Amino acid sequence: MVKAPFLGWKVGKPGIEIMRRIKHDFDPHNLLNPGKIFGKETRKRVVISRG
C-alpha cells in the first residue's frame, strides 16, 4: 500500500483524480474515512496522524 505523501509520485495527478472519482462513486456522502487521503478543503492529499 502506498502512503498518502508518496501517492502523487506513484500514480501521478491523473491517477489520483481517477481514485478520487472512484471514491466519490462508491461513497458520495464521504462517510468512509473522510479526509484520510483526499482532503475536502484543499482538494489535496492529507495525512492524519494518530497522536
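Please list, ordered by first then second residue, the pairs with beta carbon atoms under 9 Å, 6 or more apart or interchain, first in region 16-33 and without any contact (Cβ under 8 Å) to a residue 40 or more places away in the chain, second open to solvent by 100 Å² or more (accessible area, probe 1.4 Å) and assigned to a loop (DSSP other than H, G, I, E, B).
Arg20/Arg43; Lys23/Leu32; Lys23/Asn33; Phe26/Leu32; Asp27/Asn33; Asn30/Lys40
What residue, among those in region 16-51 that are polar (S, T, N, Q) and within 19 Å of Pro5 (Cα to Cα), is modelled with the highest pLDDT?
Per the criteria, the residue is Asn33.
The values are calculated or read from the model by the stated rules, or taken from the named source; none is laboratory data. Keep in mind the model is a prediction, meaning the values are calculated, not measured. Quick reminder, even Gly has a Cβ in these numbers, built from the backbone with ideal geometry, and neighbours come from all protein chains shown. Quick note on the areas: whole protein, heavy atoms, side chains included, nothing else; ligands and nucleic acids left out. Shrake-Rupley method; radii C 1.70, N 1.55, O 1.52, S 1.80 Å.
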